[in-house]
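Q: Shown below is the structure under consideration.
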Amino acid sequence: AYQTAYLKAHHPVAFMAALMTSVMSQSSKVAEYIYDCRKQNIQVLPPDLNRSISGFSVEDGSIRFGLAAVKNVGGSMIDQMVSERNRNGYFKNLTDFCERMNTKDLNKRAIDSMIKAGVFDSTRANRAQLMSIYENVLESAVRNRKNNIAGQMDLFGMNEQLSGPTDIIYPDIEDF
C-alpha cells in the first residue's frame, strides 16, 4: 500500500498509465480512470496509428491511449502493427496501413473500430472520409496480396510495388 501511494504521489502519469493498462478489458474502469486523470490535469492522448503501443504509455508527460483498449482490435494485430512500424517506419495513411499489414486479424470490423476510436486521426483524412472508403481500401489490399501470392501482377500491382502504396483520393465529406 505504501509503495502504491508513493508511486501515485510521485509518478502520477506512469502510475495512471499502468493502472489503466491493468484494466483495459473493462471499459467502464478505463473511463473512470480517464476521468481521474482529467481531475489531476493529466492529459490522455487518443490512440494513434504511429505512436500507440498495446498498453497505455507515457508520452511527453501525458498518457497515450493503448490500442488493446480499442474494441475489436486483436493483440496479434497490434503486435504485428508495432513491429511493422518499427521495421519500416510510420504508416502514411489507411492504404499504406492495409498494404503493409499481413494478418488474418485485419478485417472490416477492426478497421471500423480503429477509425471510430481515432487511431487514424494523425493522417490527413477525417473519420467520415475514412469510414466512406475503408471497405474498398481493405478489399483492394487483400486482392493485391492474393495476386502477389499467386505470382500474378496487374498494371496497378506492379506500379504499387515499384513506388509504394498510392495516395488515397478522399471524398469531400465533412467530419462527424
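Q: Looking for something touching a Lys or Arg at 6+ places or on another chain (Cβ under 7 Å) and either over 30 Å from Ile169 (Cα atoms) or not β-branched (Val, Ile, Thr) (or both) - is there at least one such residue anywhere in region 27-41?
A: No, region 27-41 contains no residue that is touching a Lys or Arg at 6+ places or on another chain (Cβ under 7 Å) and either over 30 Å from Ile169 (Cα atoms) or not β-branched (Val, Ile, Thr) (or both).
Yes/no per residue for (1) aliphatic (A, V, I, L, M); (2) in contact with a strand residue (DSSP E or B) (Cβ under 6 Å, 6 or more places away or on another chain); (3) more than 23 Å from Arg143 (Cβ to Cβ); (4) modelled with pLDDT under 95:
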site	(1), (2), (3), (4)
Ala14	yes, yes, yes, no
Asp60	no, no, yes, yes
Cys98	no, no, no, yes
Ala110	yes, no, no, yes
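Q: All but one of (1) modelled with pLDDT under 90; (2) in a helix (DSSP H, G or I); (3) not hydroxyl-bearing (Ser, Thr, Tyr) hold for Lys116; state the number of the condition that does not hold.
A: Failed condition: (1).
Q: Let me ask something else. Would you pick out the residues in region 67-78 that are over 18 Å from Arg145 (Cβ atoms) and of a type in the set (A, V, I, L, M, F, W, C)?
A: Leu67, Ala68, Ala69, Val70, Val73, Ile78 - these are the residues of region 67-78 that are over 18 Å from Arg145 (Cβ atoms) and of a type in the set (A, V, I, L, M, F, W, C).
Q: Let me ask you something else. Cβ-Cβ distance below 6 Å, separation of 6 or more or different chains: which pairs start in region 98-126 with a residue that is acidic (Asp, Glu) and end on one that is assigned to a loop (DSSP other than H, G, I, E, B)?
A: Glu99/Pro165; Asp105/Gly74
Q: Just to be sure I understand, how many residues within region 79-128 are over 20 Å from Asn148 (Cβ atoms), surrounded by 14 or more Cβ atoms within 10 Å (Cβ to Cβ) and basic (Lys, Arg)?
A: Summing the residues that are over 20 Å from Asn148 (Cβ atoms), surrounded by 14 or more Cβ atoms within 10 Å (Cβ to Cβ) and basic (Lys, Arg) in region 79-128 gives 3.
Q: Also, I was wondering about something else. Filter region 129-144 down to the residues that are over 19 Å from Asp175 (Cβ atoms) and surrounded by 16 or more Cβ atoms within 10 Å (Cβ to Cβ) and list them by number.
A: Once the filter is applied, which keeps residues that are over 19 Å from Asp175 (Cβ atoms) and surrounded by 16 or more Cβ atoms within 10 Å (Cβ to Cβ), region 129-144 yields Leu138, Ser140, Ala141, Asn144.
Q: Give the number of residues within region 96-107 that are under 20 Å from Val70 (Cα atoms) and outside any loop (DSSP other than H, G, I, E, B).
A: 2
Q: Output the number of residues of region 80-99 satisfying the condition of being among the charged types (D, E, K, R) and farther than 13 Å from Asn50 by Cα.
A: 1
Q: I need the full set of residues from region 65-110 which are over 22 Å from Arg124 (Cβ atoms) and among the hydroxyl-bearing types (Ser, Thr, Tyr), in order please.
A: Within region 65-110, Ser76, Ser83, Thr103 qualify.
The values are calculated or read from the model by the stated rules, or taken from the named source; none is laboratory data. Values in this document were obtained by computation on a predicted structure and should not be read as measured data. FYI the Cβ positions are ideal-geometry reconstructions off the backbone, even for glycines, and counts take in every protein chain you see.
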